[in-house]
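First comes the structure, then the notes that go with it.
The values are calculated or read from the model by the stated rules, or taken from the named source; none is laboratory data. Only a predicted model underlies this, so the values are computations on that prediction, with no experimental measurement involved. Cβ placement follows ideal geometry from the backbone for every residue including glycine, while neighbour counts extend to all protein chains displayed. Just the protein is used for accessible areas: all its heavy atoms, side chains included, with ligands, DNA and RNA removed. Shrake-Rupley method; radii C 1.70, N 1.55, O 1.52, S 1.80 Å.
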Amino acid sequence: MADDFTFSIEKQIGVISQGKGGWQVELNLVSWSGREAKYDIRSWSPDHQKMGKGITMTQEELKTLAQIINSMEN
């Protein structure tokens, strides 16, 4: 049985880094398979048709991650 995998980038928030061939690691708000959009960090091809592995999180999880990052000592 084939998976009905779809995605929609609801909002492009920011580019974290850029790699070879124009691929970028981005923070976006993405809806996966018609579900409620979640925050997503992953690499994307320039046309956003191909993607690398990433992590998807709720707004609450993103806020917790931000708190952890902000508490780190440089």
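Some observations on this one:
- Residue that is among the charged types (D, E, K, R) and open to solvent by 100 Å² or more (accessible area, probe 1.4 Å), where the choices are LYS63, LYS38: LYS63
- SER17 meets the conditions (1) surrounded by 11 or more Cβ atoms within 10 Å (Cβ to Cβ); (2) in a strand (DSSP E or B); (3) of a type outside the set (A, V, I, L, M) in every case but one. The failed one is (1).
- Residues in region 41-52 that are over 17 Å from ALA66 (Cα atoms) and surrounded by 13 or more Cβ atoms within 10 Å (Cβ to Cβ): SER43, TRP44, SER45, HIS48, MET51.
- Counted residues, region 16-60 - those being of a type in the set (D, E, K, R) and within 13 Å of the chain's Cα centre (by Cα): 6
- Close pairs (6 angstrom Cβ cut-off, 6 or more residues apart or separate chains): farther than 14 Å from ILE13 by Cβ in region 45-67, among the small types (Gly, Ala, Ser) and surrounded by fewer than 12 Cβ atoms within 10 Å (Cβ to Cβ) anywhere: PRO46/GLY22
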